[in-house]
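The structure under discussion appears below in the form of structure tokens.
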Amino acid sequence: MRLAIYPGTFDPPTRGHLDILDRACKLFDRLIVAIAENPQKAPFFSAKERLNLLQALTREMEKVEVEILKGLVANYAQRKGAVAIIRGMRAVSDFEYEFQMALANRHLNPQVETVFLMPSENYTFLNSTLVKNIAELGGELNPFVPPLVAELIHKKLKGG
Ligand code: PNS
């Protein structure tokens, strides 16, 4: 049973995240999407809201579970018995940060490999910050996020 952790902030989850998750499902027996609370990033959605969203979005994905990540991802991966940490790599601009994080995680937990997956080229420009900017300025969100996420972003922006 090969388990991988897919950690991230997922604020909000995008079609790019789901694309990576689909690809990871083909490589591993089980996946845990691990949501970092990341209070320093002042998230748009609370960790609980992101948990509910990702659980709804992955309901049909039998291999996938969703949890809130407490502490270091390296320690979490060890506790869970994971063999890999999944990260999406969109463009060269992601490389420096991902490289540092992968090497730091390797120092912290040499048993776990970071596996980088490339999303579909449709999503290489996409990130959660862009989605929030588009939403705040009234742009169409459906190309970037699933309808449920678009709905909840609009609701929250209206103060709901
Ligand atoms: O989606 P993001 O914001 O790029 O994800 C960053 C994340 C959550 C993967 C990173 O901040 C993380 O791993 N946080 C958990 C705490 C941790 O392990 N930090 C050390 C990483 S080397």
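The values are calculated or read from the model by the stated rules, or taken from the named source; none is laboratory data. Not measured: the values here are computed from a predicted model. Because the Cβ atoms are built from the backbone with ideal geometry, glycine has one as well, and the counts that use them run over all protein chains shown.
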Any chance residue 11 is in contact with a Phe, Trp or Tyr (Cβ under 8 Å, 6 or more places away or on another chain), among the charged types (D, E, K, R) and either outside any loop (DSSP other than H, G, I, E, B) or in contact (Cβ under 8 Å) with a residue 12 or more places away in the chain (or both): yes
Condition met for residue 56 (under 22 Å from residue 155 (Cα atoms) and either within 14 Å of the ligand (Cβ to nearest atom) or not aromatic (Phe, Trp, Tyr) (or both)): yes
Top-ranked residue in the range 76-102 [being among the small types (Gly, Ala, Ser) and at pLDDT 95 or above; ranked as nearest to residue 22 (Cα to Cα)]: 88
The range 64-83 - residue that is out of contact with any Cys (no Cβ under 9 Å at 6 or more places or on another chain) and surrounded by 18 or more Cβ atoms within 10 Å (Cβ to Cβ) and, of those, nearest to residue 37 (Cα to Cα): 69
Unmet requirement for residue 41, which otherwise passes all of (1) free of Cβ contacts under 8 Å to residues at least 60 places away in the same chain; (2) within 11 Å of the ligand (Cβ to nearest atom); (3) buried (at least 16 other Cβ atoms within 10 Å of the Cβ): (3)
Conditions (1) surrounded by 16 or more Cβ atoms within 10 Å (Cβ to Cβ); (2) away from the ligand (no atom under 12 Å from the Cβ): number failed by residue 86: (2)
Any hit, the range 77-84, residues being more than 17 Å from the chain's Cα centre (by Cα) and on the phi > 0 side of the Ramachandran plot: yes
Unmet criterion (only one of (1) over 15 Å from the mean Cα position of the chain (by Cα); (2) within 18 Å of residue 30 (Cβ to Cβ); (3) without any contact (Cβ under 8 Å) to a residue 24 or more places away in the chain) for residue 100: (2)
